[in-house]
1. Of the numbered conditions (1) at pLDDT 95 or above; (2) surrounded by fewer than 16 Cβ atoms within 10 Å (Cβ to Cβ), residue 85 satisfies every one except a single condition; which is it?
2. Tell me the helices (runs of 4 or more DSSP H) entirely within the range 71-167 that contain at least 2 residues that are among the aliphatic types (A, V, I, L, M).
3. Are there any pairs, at least 6 apart or on different chains, whose C-beta atoms fall under 6 Å, with the first in the range 86-101 and of a type in the set (Val, Ile, Thr) and the second at pLDDT 95 or above and part of a loop (DSSP other than H, G, I, E, B), and if so, which?
4. Out of 2, 6, 19, I need the residue that is in contact (Cβ under 8 Å) with a residue 24 or more places away in the chain and either basic (Lys, Arg) or in the same structural domain as residue 164 (by TED's automatic domain parsing) (or both). Which one?
5. Out of curiosity, is residue 66 under 15 Å from the mean Cα position of the chain (by Cα) and surrounded by fewer than 16 Cβ atoms within 10 Å (Cβ to Cβ)?
6. Check 25, 39, 57 and return the single one that is of a type in the set (Asp, Glu), touching a residue at least 24 places away in the same chain (Cβ under 8 Å), out of contact with any Cys (no Cβ under 9 Å at 6 or more places or on another chain) and over 23 Å from residue 158 (Cβ atoms).
Amino acid sequence: MKIEIKSRFDSNKVLVSGKYENIKDCLEKNRSANLRSADLQGAYLRGADLQGADLQDANLRGANLRDANLQDANLRGAYLRSADLWGTNLQGAKGYLDSHDFFQEVVRQQKIDTFTQKEWSIIGQIIVHRLCWDSIRKRFNKSAMGIFKKLKKVGFGEWEEKYNSTIN
């Protein structure tokens, strides 16, 4: 089937085009292609191997990325709202700083006893209310730092770095 992946910002701009079995097949075969700003809203990418893909500013809203491999992918500015990230390999991903959906999945993948009750309460508020960095700082000051330190230990240090810059 003919697949065209277009820019989310310019629907006339085709990023990838060709004959593929499906969108997942297309993306896996074109991981090194410029997928920046790709419009992949609602795409079925379950189990896709997108290791190292450049998905900066991509629209992945509602995409099924369950059990996909996003290891070392660039997700800066990617829109992940309502994307299914359950079981996705997120190790080494970059640019996830402002994604509540990414944060939620990283936290979910940790053992339940990783965080204290107070930290779970903070995590819940961040996720449910989709708090911005200024709101997190104002509400929790240094109380949230433990969460970001623990996530840094498992390979997700962007949040600690950002939080440190907001409280200093």
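The values are calculated or read from the model by the stated rules, or taken from the named source; none is laboratory data. Computed from a prediction, not measured in an experiment: that's the story for all the values here. Here Cβ is always computed from backbone atoms with ideal geometry, including for glycine, and neighbour counts include all displayed protein chains.
1. Every condition holds for residue 85 apart from (2).
2. Details: elements: 100-108, 117-129, 133-140, 145-153, 158-167.
Because the criterion is at least 2 residues that are among the aliphatic types (A, V, I, L, M), the helices (runs of 4 or more DSSP H) in the range 71-167 that meet it are 100-108, 117-129, 145-153.
3. 88/65; 88/68; 88/70
4. Working: 2 fails: in contact (Cβ under 8 Å) with a residue 24 or more places away in the chain; 19 fails: in contact (Cβ under 8 Å) with a residue 24 or more places away in the chain.
After ruling out the rest, the residue left standing is 6.
5. Numbers: under 15 Å from the mean Cα position of the chain (by Cα): yes; surrounded by fewer than 16 Cβ atoms within 10 Å (Cβ to Cβ): no.
Criteria not met by residue 66.
6. Working: 25 fails: touching a residue at least 24 places away in the same chain (Cβ under 8 Å); 57 fails: over 23 Å from residue 158 (Cβ atoms).
Every option except 39 fails the conditions.
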